[in-house]
């Protein structure tokens, strides 16, 4: 008999890092979780403990992998690393504080705020390129685990673009989706994609005295 159960994906943004707090462009920089980020990772694992997870996937960067490992460990699963889930390559912007970008690249920063999908970061990537590779991973994971539940841990840019893709929205809507550190999004696919939970941070109550971070 065919499996009519929907495939469920928990798409998770990694926990907090020092560069989130300092508002520094991260990209491919392999920044570690800070103390709050480690606590957020444990909270996510507890929140997903009752889910019957078939697999856990992660970006190769340590802030994502360190968020994913407690989830995988709680379910007795190996952690699968997928390069396609890595963060946007910010190129020359990597390591630059947000406050400095408008002065150093005034025209490009204005375009980033106005039409993010049109930006190609100098020495880096564009949103369309990230969306293509990220959705390639999402589609492959969905096909591999039909009717099962899977966790995917990745980065703010990737989670936003994946959500836009499953909602059928173009990249001009990038700024209209908030993704805080440690948030969990739940999407399902039976016939079509359905978003059932967006930017859920209920499991982080008591951990984020300074508030969640959408940077």
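Every number in this text was worked out from the coordinates using simple rules, so none of it is lab data. The structure presented is a predicted model; accordingly, all values stated were derived computationally and were not measured. With ideal geometry, Cβ positions are generated from the backbone for all residues, glycine too; neighbour counts draw on all protein chains shown.
Tabulated results
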| item | result |
| --- | --- |
| The chain: calculated mean residue ellipticity at 222 nm from DSSP helix runs of at least 4, using -39500 (n - 2.57) | -10500 deg cm²/dmol |
| For region 158-213, average projected area of the Cα convex hull in nm² | 4.2 nm² |
| Overall Cα dimensions of the chain - principal axes, largest extent first, Å | 59, 36, 25 |
| Cα extents of region 120-168 along the three principal axes, largest first (Å) | 41, 20, 16 |
| Residues 202, 183, sorted so that the one with the fewest Cβ neighbours within 10 Å comes first | 202, 183 |
| Candidates 128, 102, 70: whichever shows maximal mean-square fluctuation once the chain is modelled as a Gaussian network with Cα springs under 10 Å | 102 |
| Order of 130, 158 - criterion: other Cβ atoms within 10 Å of each residue's Cβ, fewest first | 130, 158 |
| Relative contact order %, the chain, counting alpha carbon pairs below 8 Å whose residues are six or more apart | 31 percent |
| Order of 59, 172, 126 under a 10 Å beta carbon neighbour criterion, fewest first | 172, 126, 59 |
| Rg over Rh [alpha-carbon atoms, Kirkwood Rh] for region 120-208 | 0.97 |
